[in-house]
Amino acid sequence: MIEIYDVSFYYPNKNIALKNINLRINSKEFVGILGENGAGKTTLAKCMNGLLRPQSGKILIDGEDISKYSVAQLSKKIGFVFQNSDHQIFAQSVEEEVKFGLKNFNFTKEEIHKRTEEILKNLNLFQYRNTIPFDLSGGEKKRVALASVLCLNPDILILDEPTIGQDSQQKKYLINLIDDLRDQGKTIIIITHDIEFASEYIPRIIVMGNGRIIADGPSNIITNNEFILERTNLILPQLSVLTKILKSSDKFKDFNGDQTDILNYYNELRRYI
Ligand SMILES: Nc1ncnc2c1ncn2[C@@H]1O[C@H](COP(=O)(O)OP(=O)(O)O)[C@@H](O)[C@H]1O
Ligand SMILES: [Mg+2]
């Protein structure tokens, strides 16, 4: 469980990025953090894993104040996959990239070998084990970054904008992977702009704007709330737009806003367009 109490953070240039954040994420939860550019999403994530240390407030993971732990110690508990893989990857081969974190923790040679092989196979990267990561595609690099985090088997995983630059096939792959990780009992936090993705797959959504949390609740409620989305400049998912059109049209008086029924209405609506 992550508990955040009154956390504020400002950058050295006095940019205030987080203002009095209070938040609780239970273990095994799957949560999305949404919000426009500059809202403070990445800063919040970096405070959770110790890369940034807030000037006020405190953060507890499983009841323990994280300020007494180093980033390396925290990385075993909470994994963070950067938005830009180039900021994360530095080794000369995919295999070395994954092994790096493991070597830091005094695992035995056999254990390192076993975990590396397993994770590379799992993430469909085994054939690239000797490749220089920078030669890979954007999506593959993201998987390498993910592998280097997952091999430490952290309880909590934060993915910063994982769907950017991924085609629909890769998104499906990501969703399967998240399902597997959830089955293993992990807590998953996804930072995203991708409101379609969030509304479809993530049960709880936290919306940030201007360094604050401006909404927190079940995704179907949040992503249908125009007031919230307008305040954050996020674009309504297509399904919500369609719901709105149906509700405002005389021709579809019977429509009660139930989105499970929406395909029938969609087909009918097409006749008028
Ligand atoms: N390294 C930095 N130095 C100074 N200001 C920063 C830095 N990184 C982010 N900021 C500022 O902090 C605020 C929050 O940024 P960020 O956490 O990156 O938002 P998001 O991830 O939601 O786009 C923004 O105003 C941004 O300009
Ligand atoms: Mg960001």
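The values are calculated or read from the model by the stated rules, or taken from the named source; none is laboratory data. Since this is a predicted model, take the numbers as computed values, not measurements. A quick note on method: Cβ atoms are made from the backbone with ideal geometry, for glycine too, and the neighbour counts reach across all protein chains shown.
A few remarks follow.
- With a requirement of 3 or more residues that are within 16 Å of ligand 2 (Cβ to nearest atom), the helices (runs of 4 or more DSSP H) lying completely within segment 1-106 that satisfy it span 41-48.
- For segment 10-28, a residue qualifies if it is out of contact with any Gly (no Cβ under 9 Å at 6 or more places or on another chain) and more than 19 Å from Leu51 (Cβ to Cβ), and the qualifying residues are Lys14, Arg24, Asn26.
- Single residue of segment 130-156 satisfying the filter (at pLDDT below 90 and closer than 21 Å to Thr192 by Cβ) that is nearest to ligand 1 (Cβ to nearest atom): Lys142
- Filter pass, Glu140 being outside the structural domain of Glu196 (by TED's automatic domain parsing), part of a helix (DSSP H, G or I) and surrounded by fewer than 13 Cβ atoms within 10 Å (Cβ to Cβ): no
- Residues in segment 94-109 include none that are over 19 Å from Ile214 (Cβ atoms), in contact (Cβ under 8 Å) with a residue 24 or more places away in the chain, in the same structural domain as Glu161 (by TED's automatic domain parsing) and out of contact with any helix residue (DSSP H, G or I) (no Cβ under 6 Å at 6 or more places or on another chain).
- Selection status of Thr116, crowded, with 21+ Cβ neighbours inside 10 Å and either within 18 Å of Lys76 (Cα to Cα) or within 16 Å of ligand 1 (Cβ to nearest atom) (or both): yes
- Enumerated helices (runs of 4 or more DSSP H) restricted to segment 146-236, each holding at least 1 residues that are within 30 Å of Phe126 (Cα to Cα): 168-183, 195-201
- Considering residues of segment 157-171 that are modelled with pLDDT of 80 or more and under 12 Å from Leu146 (Cβ atoms) only, the residue farthest from ligand 2 (Cβ to nearest atom): Leu157
- Output for segment 68-82, where each listed residue is out of contact with any Pro (no Cβ under 8 Å at 6 or more places or on another chain) and surrounded by fewer than 19 Cβ atoms within 10 Å (Cβ to Cβ): Lys68, Tyr69, Ser70, Val71, Ala72, Gln73
- Out of Ser67, Ser8, Ser56, one residue alone is of a type in the set (Ser, Thr, Tyr), more than 18 Å from Thr187 (Cβ to Cβ) and either outside the structural domain of Gly185 (by TED's automatic domain parsing) or in contact with a Phe, Trp or Tyr (Cβ under 9 Å, 6 or more places away or on another chain) (or both). It is Ser56.
- Residues within segment 13-30 that are more than 15 Å from ligand 1 (Cβ to nearest atom) and either within 20 Å of Thr232 (Cβ to Cβ) or of a type in the set (Val, Ile, Thr) (or both), tallied: 2
- Any hit, segment 154-162, residues being surrounded by fewer than 19 Cβ atoms within 10 Å (Cβ to Cβ) and touching a residue at least 12 places away in the same chain (Cβ under 8 Å): yes
- No other residue among Arg182, Arg204 is farther than 29 Å from Ser8 by Cβ and in contact with a strand residue (DSSP E or B) (Cβ under 9 Å, 6 or more places away or on another chain) apart from Arg182.
- Residue within segment 172-191 that is within 16 Å of ligand 2 (Cβ to nearest atom), in contact (Cβ under 8 Å) with a residue 40 or more places away in the chain and at positive phi present: no
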